[in-house]
Amino acid sequence: MFAKGKQLAGQSSLYTIGEVLRSSLSFLLLPIYTRLLTVSDYAILGVMSPVFALLSALMALGLPAALVRFYFDYQEDDATLRRYVGTITLFGLLSGLLGALLLTLFGPAIFGWLLPNTPFRPFVLLTIWNSGITVVSVLALQLLRARQQALYFISFSLVDFGLTTALIILFVVGLGLGALGSLWGQLLSAAVMALPALWVLGRAGALSFSWPLLRSSLRFSLPLLPFILGTWGLNVSDRIVLDRLVSREALGLYTLGYQFGVLLNLIAMALNNAWQPFFYQNAGERKNDSMIGSFITYQVALMVLLALAVAMLAPEVIRIMATPAYWGAAAIVPWIAAGYVMRYLYFFPVNGMLFRKRTGWVAALTILAAALNIGLNLLLAPRFGVMAAAINTLAAFTVLFIMALVIGQRIYPVHYQWGRLLRLILVALALFMVSWRLVPTANVWVSMVLDLLLLASLPLLLWLTRFFTPGEQARAAQLARQMAGKVRR
């Protein structure tokens, strides 16, 4: 079990680094954005981000998820696998380009109604083509993930990250183009990265098209489109809804606070990307139930630690990197962080549904939770502002997890270690309350040091509350003795 855990941990760390580098530009570039852009101008990027997320997912038609799932069905037959990858590549390329062309023609009417405060040209138009071109890169990354080629995955991500960062800095800092410069940098980077993505897909696939293979994938992926819409409604639709309900300044603050949730979501997705193939390989035999339950606990512990760090350190980080106009965003972060912990918990029952190929339930539950989130925002945001939207995020993700757990346990029962998970969450909440109520805020560096000390106490508190099993304690003691021996030598 420890050998498999070590393998999973190694894969997870590489995927985490790759996903964070590839997708966290909006967070890593915050020091530039919060100094060179006004809060209102930054709100434009906050609105374009959900537009990109929606369009890039819809243009892909759920095929990236199908590629990972069906890869394992065809991997024993090399000829069929190559024909399958070639079919998905050709169809994905056509879907992305055709979707971008259609939205270029009909987008002004659609987005003129949806986003009356944001000009279609150039902001939305650049985002549309960025979404269409990105489809092939997403397919290439999913292929690398299915083949468990984490080093290639992270190499592609590093190049993508470096190129996009350089172009955004050139256009925003060098040419002073503001939000428009960021969108141009993202589009040009997507166009360049499409070339190595096509090379990766081309080497793995044959230049052919098979309708039966595509039809099987579409039967799996198309029911995921409502799920994709629901996921979008849960994760990012709030900024589009708030665009009509609050001021641009308030939306800019909310966008900044939500970026910390985006960072957690990137890590959660990377962990799930590593966990999903591992789960598919081991879920077929019930003798692995205990191991699966233990690994879920370890992953949740890591996610809770990261969310706690984000919630506790966000006020200090924002004060250090942003101008005072942005400091009010810190109050939003804890609610968003807690919401994304609940969303991460939801992944585990969903993976059981996907293993049983019950994608319809995933879509239905996500749509219900998204409708709840949008409805609460429409009802409460006009009166209570962006704080209501932050709390609604936590409420919607909690309801989503509960629904998925109830249905998921009927489809594929998972042996969760509820006692350990409850102790973990209660200890983390206690540490957060101590930080929020008792840590002084007058000096940002003193506050940060005290919060870091509180975070460092989490493993000790878990040990005292008997979170760790005897086997884990023995393993930890063995590792400590080995490290001590190396130090002595």
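What length, rounded to one decimal in nm, is gained on full extension from Tyr298 through to Leu422, with 0.36 nm per residue of separation minus their alpha-carbon distance?
43.3 nm
Specify the inter-centroid distance of region 230-275 and region 64-119, based on alpha-carbon positions, in whole Å.
Comparing the Cα centres of region 230-275 and region 64-119, I get a distance of 23 Å.
Could you put Glu285, Glu316 in order, starting from the residue whose Cβ has the fewest other Cβ atoms within 10 Å? Spell out each step's value before the answer.
Working: Glu285 8, Glu316 22.
Going from sparsest to densest Cβ surroundings: Glu285, Glu316.
List every DSSP H helix in the chain whose Cα atoms extend 24 Å or more along the helix's own long axis and whose mean Kyte-Doolittle hydropathy is at least 0.5. All intermediate terms of the calculation are to be shown ahead of the outcome.
Details: long enough: 2-23 (31 Å, -0.09); 39-60 (32 Å, 1.68); 78-114 (49 Å, 1.26); 125-146 (32 Å, 1.46); 150-169 (28 Å, 1.84); 178-204 (40 Å, 1.23); 248-282 (49 Å, 0.34); 289-321 (46 Å, 1.59); 333-355 (33 Å, 1.03); 359-384 (37 Å, 1.43); 386-411 (37 Å, 1.88); 418-438 (30 Å, 1.49); 470-488 (27 Å, -0.78).
Length and hydropathy pass: 39-60, 78-114, 125-146, 150-169, 178-204, 289-321, 333-355, 359-384, 386-411, 418-438.
Starting from the Cα of Leu429, step 7 Å along the direction of its Cβ; do the same at Trp445; then give the gap between the two resulting points in nm.
Spacing of the two 7 Å Cα→Cβ label points: 3.6 nm.
Run the simple label-point estimate for Phe468 and Leu175 please: 7 Å along Cα→C-beta, distance reported in nm.
5.4
Nearest 20 debye, what's the magnitude of the dipole of region 269-366 about its Cα centre given +1 on Lys and Arg Cβ and -1 on Asp and Glu Cβ? Walk me through the intermediate numbers first.
On the way: 7 positive and 3 negative charges, 68 e Å.
With only Lys, Arg, Asp and Glu charged at Cβ, the dipole is about 320 debye.
Give, rounded to the nearest 20 debye, the magnitude of the charge dipole that the chain has about its Cα centre when Lys and Arg contribute +1 at Cβ and Asp and Glu contribute -1 at Cβ. Working shown, then result.
Values: 34 positive and 15 negative charges, 227 e Å.
That gives a dipole near 1100 debye.
Pop a pseudo-label 7 angstrom from the Cα along the beta-carbon direction at both Ser40 and Leu452 and give the gap in nm to one decimal.
3.9
Provide the net charge surrounding Arg319, with neighbours chosen by a C-beta distance below 14 Å and charges set as Lys +1, Arg +1, Asp -1, Glu -1. All intermediate terms of the calculation are to be shown ahead of the outcome.
Numbers: positive: Arg35; negative: Glu316, Asp451.
Combined, the nearby Lys, Arg, Asp and Glu give -1.
Full extension from Arg356 to Leu101: what is 0.36 nm times the residue separation minus their Cα-Cα distance, to one decimal in nm? Don't skip to the end; give the middle numbers.
Numbers: separation 255, 0.36 × 255 = 91.80 nm, distance 3.64 nm.
Result for the pair: 88.2 nm of gain on full extension.
Once every DSSP H run of n ≥ 4 in the chain is given -39500 (n - 2.57) and the sum is divided by its residues, what mean residue ellipticity at 222 nm do you get, rounded to the nearest 500 deg cm²/dmol?
Only helices count here, giving -28500 deg cm²/dmol.
Test of understanding: what is the full-extension gain from Arg219 to His415, defined as 0.36 nm times their sequence separation minus their Cα-Cα distance? Please report the intermediate quantities before stating the final value.
Details: separation 196, 0.36 × 196 = 70.56 nm, distance 2.98 nm.
67.6 nm is the gain from fully extending Arg219 to His415.
With unit charges on the beta carbons (Lys and Arg positive, Asp and Glu negative) and the dipole taken about the Cα centre of region 2-416, which residue among Val246, Tyr84, Ile411 sits farthest to the positive side?
Working it through, the farthest residue towards the positive pole turns out to be Ile411.
Say R0 is 25 Å: what FRET efficiency, to the nearest 0.05, do Glu249 and Trp436 get from their beta-carbon distance?
On the way: r = 25 Å, r/R0 = 0.99.
Plugging the Cβ-Cβ distance into 1/(1 + (r/R0)^6) gives 0.50.
Bear in mind that the values in this text are calculations on the coordinates, not laboratory data. All of these numbers come straight from a predicted model, not from anything done at the bench. Don't worry about glycine lacking a Cβ; one is built from the backbone with ideal geometry, like all the others, and counts go over all protein chains shown.
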